[in-house]
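Here's the structure, in structure tokens; my notes come after.
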Amino acid sequence: MQEVRRLVTVAAQTDSDVLITGDTGTGKAHVARAIHEKSGRPGPFLCVDGASPAGLLDTELFGPKPPGATLFLRDVAALSMPLQAQLQLARKPHLTTNGHGGRHFSARLICGTSRDLPALIRQQAFDEALYQRLATFTIELAPLGSRREDIPFLLAHFLRILREQTHHPVERFSPEAEEVLMRRSWKGNVRELHDYVRTTVELCSAKVIEPMDLWLSRTVNEPGAEPWHLGYRVLRKRVLLQFEADFVARVLKASSGNVSMAARLAKIDRKHLWRLIQRTGILLERFGKTQPIDRAK
């Protein structure tokens, strides 16, 4: 991550096109956004999916955009050969029509791909000239499984973002919980880790997340990451917490966050349901409830 940060800083100081490579879920969009934010460009950060329908993609790529924008093209390898040729002829990523009927870019281009572009060139499925222009500045993101020492830093980063978004009281993962997560393979890479942290935080009201608080279905069933050493009582509590969280989420969804209606659907006392909500850490905002509720009613 330190090397990636260094490359992000260098890229932000230039207007060069950038190619970000790495497996699906390694965080290519996050790196592209970091380059844009560090560059100080006044325009917005725009994402375009290279696998979008041709007509829509042509408009998104070559339509007018705000000056100073950065355009991140997801999966550049998915572009058709004609669009690759157009992209190669354009010198900048944001395209507008000039006075001579041609096209030019007025924003920065950052492309991402999880595919082997040199191999596609050999198969005549990717424009070599476009690749040479993009590959001038390349940032390669390794799979999360090969850099597990980064996981504690990513956990802290994701928790910081979630606290800002949800005002959740969670502060950190305990060293024991971090150890459990570092043993996972994380085949979905950074994206999977981010989604896992978000789910864990939604289902936990503790300030410090311990192994028993981790989202069970994505930890115990992972080969090589089974925390059976935690013992029968701890794992039994986790299974019960998972059941309660699933059950409470279902009745709250069915009632659009109305606790009284959810209690009737669950056939339990309203106060009991509140205790379950507090114990599982579920946020009513997920189910359309935005106003505070008087728990004493």
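Just so it is clear, none of the values below were taken in a lab; they were calculated from the coordinates. On a predicted model such as this, the values are computed, not experimentally measured, just so you know. A quick note on method: Cβ atoms are made from the backbone with ideal geometry, for glycine too, and the neighbour counts reach across all protein chains shown.
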Practice prompt. Please report the orientation-averaged projected area of the range 2-142, defined via the convex hull of its C-alpha atoms, in nm².
Written response: 8.1
Item to complete: Return the sequence-ordered ³J(HN,Hα) values of the range 60-77 in whole Hz as given by the Karplus equation 6.51 cos²θ - 1.76 cosθ + 1.60 applied to θ = phi - 60°, using x for Gly and Pro.
Response: 5, 6, 10, x, x, 9, x, x, x, 7, 10, 10, 9, 9, 6, 6, 4, 5
Item to complete: Order the peptides 267-275, 73-81, 141-149 from the highest to the lowest mean number of other Cβ atoms within 10 Å of their residues.
Response: 73-81, 141-149, 267-275
Fill in: Sequence-distant residues sharing a close amide H with Leu141 (under 5 Å, placed H)
Thr21, Gly22
